[in-house]
Amino acid sequence: MGISAESAVAGTLTKARDSVRPEARPEGRRLELVVEPFHRKIVEGEIVRIGSHPSNDVVVDDPRVSLFHCRIELSGDRWVVRDEGSRGGTVLDGVTVRDADLVVPTSHLGIGGTTIRITVLDGAEPATLPPLRAAGQKSAGKR
């Protein structure tokens, strides 16, 4: 099941919406995307489109992110990042790329001034992830 959410943090992910067709959601093909450090979204399917245009699967509110910046797609048994001709380029784990394989299980994608941590999930969410919170927000139980 996809997630739709409005981010409470300006300048990060402002809108994440699920636009992957249900028939394109094979079981066990899930990615976790965290627009660091504030917003987490788990997506299912074989293609995830990322950019500043509202029709993308992951919409990033960053003036340096192109309308249709990049996509992540399943190619055989591996996940591939493809730059969609963006002006600023796409950086995967510190290297500017046009097409590159994701490092499993976790990679870092840089677009504009935004970093997105991508984790390939194998059917279940990792149990060790801490809850995400906005800068300055205290963790539950801490003062």
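The values are calculated or read from the model by the stated rules, or taken from the named source; none is laboratory data. Quick caveat, the model's predicted, so the values are computed rather than measured. Methodologically, a virtual Cβ is constructed for each residue, glycine included, from the backbone with ideal geometry; neighbour enumeration extends over all protein chains shown. These accessible areas exclude ligands, DNA and RNA; they are computed on the full protein's heavy atoms, side chains included. Shrake-Rupley method; radii C 1.70, N 1.55, O 1.52, S 1.80 Å.
May I ask you to list the residues in region 47-78 that are surrounded by 19 or more Cβ atoms within 10 Å (Cβ to Cβ) and part of a strand (DSSP E or B)?
Those that are surrounded by 19 or more Cβ atoms within 10 Å (Cβ to Cβ) and part of a strand (DSSP E or B): Val48, Arg49, Ile50, Gly51, Val58, Val59, Val60, Cys70, Arg71, Ile72.
Specify the residue that is surrounded by the fewest Cβ atoms within 10 Å (Cβ to Cβ); the eligible residues are those in region 101-116 that are in contact with a Gly (Cβ under 9 Å, 6 or more places away or on another chain) and under 21 Å from Gly45 (Cα atoms).
Looking at residues that are in contact with a Gly (Cβ under 9 Å, 6 or more places away or on another chain) and under 21 Å from Gly45 (Cα atoms), I get His108.
Name every residue in region 34-54 that is within 11 Å of Arg117 (Cβ to Cβ) and more than 10 Å from the chain's Cα centre (by Cα), in order of residue number.
Passing the criteria: only Pro37.
Looking at region 68-80 only, could you name the residues that are touching a strand residue (DSSP E or B) at 6+ places or on another chain (Cβ under 9 Å) and farther than 19 Å from Ser55 by Cβ?
Result: Leu74, Ser75, Arg78, Trp79, Val80.
Which of (1) at pLDDT 85 or above; (2) outside any strand (DSSP E or B); (3) not aliphatic (A, V, I, L, M) is the odd one out, the single condition Ser19 does not satisfy?
Result: Ser19 passes all but (1).
Among the residues that make up region 89-100, is at least one of them open to solvent by 80 Å² or more (accessible area, probe 1.4 Å), modelled with pLDDT under 95 and more than 17 Å from the chain's Cα centre (by Cα)?
Taking every residue of region 89-100 in turn, none turns out to be open to solvent by 80 Å² or more (accessible area, probe 1.4 Å), modelled with pLDDT under 95 and more than 17 Å from the chain's Cα centre (by Cα).
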